[in-house]
1. Which pairs have Cβ atoms under 7 Å, sit 6 or more apart or on different chains, and link a residue in the stretch 58-69 that is β-branched (Val, Ile, Thr) to one that is in a helix (DSSP H, G or I) and modelled with pLDDT of 85 or more?
2. Name every residue in the stretch 42-55 that is at pLDDT 75 or above and under 16 Å from the mean Cα position of the chain (by Cα), in order of residue number.
3. Quick one: in the stretch 101-114, which of the residues that are small (Gly, Ala, Ser) and buried (at least 20 other Cβ atoms within 10 Å of the Cβ) is nearest to Leu64 (Cα to Cα)?
4. Mind checking which residues of the stretch 59-69 are surrounded by fewer than 21 Cβ atoms within 10 Å (Cβ to Cβ) and within 14 Å of the chain's Cα centre (by Cα)?
5. Look at the stretch 73-83 and say how many of its residues are surrounded by 15 or more Cβ atoms within 10 Å (Cβ to Cβ) and free of Cβ contacts under 8 Å to residues at least 40 places away in the same chain.
Amino acid sequence: MDPTPTITALAPAPSTAKATSKPASFIENYVGELAAAAAILLEALGEFRDRGLTPRTKMAAGDLIAQLYRLRAFLVPTWDFDAIARAHGIAALRAADVSPATAEAAVDEVLTILGKLIHDNLN
């Protein structure tokens, strides 16, 4: 069993900042790529409808959510993690030709899952 996701690495998300400000940092792009883990959720939905969720896809999605969880814990004291994840995650999915509405919904779902995980670990 290969736990790596079947999606290819997405191109770094372009900065949503104005041209006069500094470009997105490596960490912002990395958060965006992980937030684009929403693509795994889209794949999982397709699998679930067609033939049932495969263990490989379930593991890949779980691994990406775990990476986001650790990265958020590290960044949240100084960065607006959710805003960065939302903006750069949507941009990364859009770069992979995902429609705007689908990209927003998918990234929102990833952040909802992440929020539930954080809430569960705090209680």
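1. So the pair list comes out as Ile65/Ile113; Ile65/Leu114; Ile65/Leu117.
2. Within the stretch 42-55, Glu43, Ala44 meet the criteria.
3. Of the stretch 101-114, the ones small (Gly, Ala, Ser) are 101, 103, 105-106.
This time we only want the ones that are buried (at least 20 other Cβ atoms within 10 Å of the Cβ), so: 103, 106.
On the way: Ala103: 17, Ala106: 14 Å.
Out of the qualifying residues, it is Ala106.
4. Of the residues in the stretch 59-69, the ones surrounded by fewer than 21 Cβ atoms within 10 Å (Cβ to Cβ) are 59, 62-63, 65-67, 69.
Gly62, Asp63, Ile65, Ala66, Gln67, Tyr69 - these are the residues of the stretch 59-69 that are surrounded by fewer than 21 Cβ atoms within 10 Å (Cβ to Cβ) and within 14 Å of the chain's Cα centre (by Cα).
5. Keep residues of the stretch 73-83 that are surrounded by 15 or more Cβ atoms within 10 Å (Cβ to Cβ), which gives 75, 79, 81-82.
This time we only want the ones that are free of Cβ contacts under 8 Å to residues at least 40 places away in the same chain, so: 82.
Residues in the stretch 73-83 being surrounded by 15 or more Cβ atoms within 10 Å (Cβ to Cβ) and free of Cβ contacts under 8 Å to residues at least 40 places away in the same chain: 1 in total.
For every residue, the table says whether it meets (1) closer than 13 Å to Ala35 by Cβ; (2) surrounded by fewer than 18 Cβ atoms within 10 Å (Cβ to Cβ); (3) within 11 Å of the chain's Cα centre (by Cα); (4) at pLDDT 85 or above.
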site	(1), (2), (3), (4)
Thr57	no, no, no, no
Leu71	yes, no, no, yes
Ala85	yes, no, yes, yes
Ala91	yes, no, yes, yes
Ser99	no, yes, no, yes
Lys116	no, yes, no, yes
His119	no, yes, no, yes
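The values are calculated or read from the model by the stated rules, or taken from the named source; none is laboratory data. Everything numeric here is computed off the predicted structure, so don't read it as measured data. Positions of Cβ are backbone-derived with ideal geometry, glycine not excepted, and every protein chain shown enters the neighbour counts.
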